[in-house]
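One structure below.
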Amino acid sequence: MNSKITLYSDRELIEQIKQYAKSRNTSVSKLVNEFFKNILEHKNSSNNASITEKLSGKLKDKNIKIDDYQKYLEEKYL
């Protein structure tokens, strides 16, 4: 069963999102529904894990040395 929701936003943003929806042959309502679904799916899939927990082990099998990281930081900040 569908229900109505009223959202308030900046007029220019609304016009831009209407154009975006039109260019993709969909409606703003469908975009908003997909956005909400994605938020809920992400929330449920993350199991409230911290960012550290999510990233833990991502570079496990990569050939990255501490010297590589230090070089990256030097190039970025110096």
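None of the figures in this text is laboratory data; all of them are computed from the coordinates on show. Source: prediction; values computed, not measured. In this analysis, Cβ positions are derived from the backbone assuming ideal geometry, glycine residues included, and neighbour counts consider all displayed protein chains.
Could you calculate the contour length gain from residue 64 to residue 39, that is, 0.36 nm times the residue separation minus the distance between their Cα atoms, to one decimal place in nm?
Details: separation 25, 0.36 × 25 = 9.00 nm, distance 3.30 nm.
Result for the pair: 5.7 nm of gain on full extension.
Sort the following peptides by mean Cβ neighbour count (other Cβ atoms within 10 Å, averaged over residues), highest first: 60-71, 30-41. All intermediate terms of the calculation are to be shown ahead of the outcome.
Details: 60-71: 8.5, 30-41: 11.3.
Ranked from most to least packed, the peptides come out as 30-41, 60-71.
Counting lysine pairs in the chain that sit 8 or more residues apart in sequence, or on different chains, and whose Cα atoms lie under 13 Å apart gives 4.
Cβ-to-Cβ counts within 10 Å put 27, 3, 50 in ascending order as 3, 50, 27, the fewest first. Dipole of the chain, Cα-centred, from +1 at each Lys and Arg C-beta and -1 at each Asp and Glu C-beta, to the nearest 20 debye? My answer is approximately 360 debye. Restricting the calculation to alpha carbons of the chain gives Rg and Dmax of 21.0, 58 angstrom.
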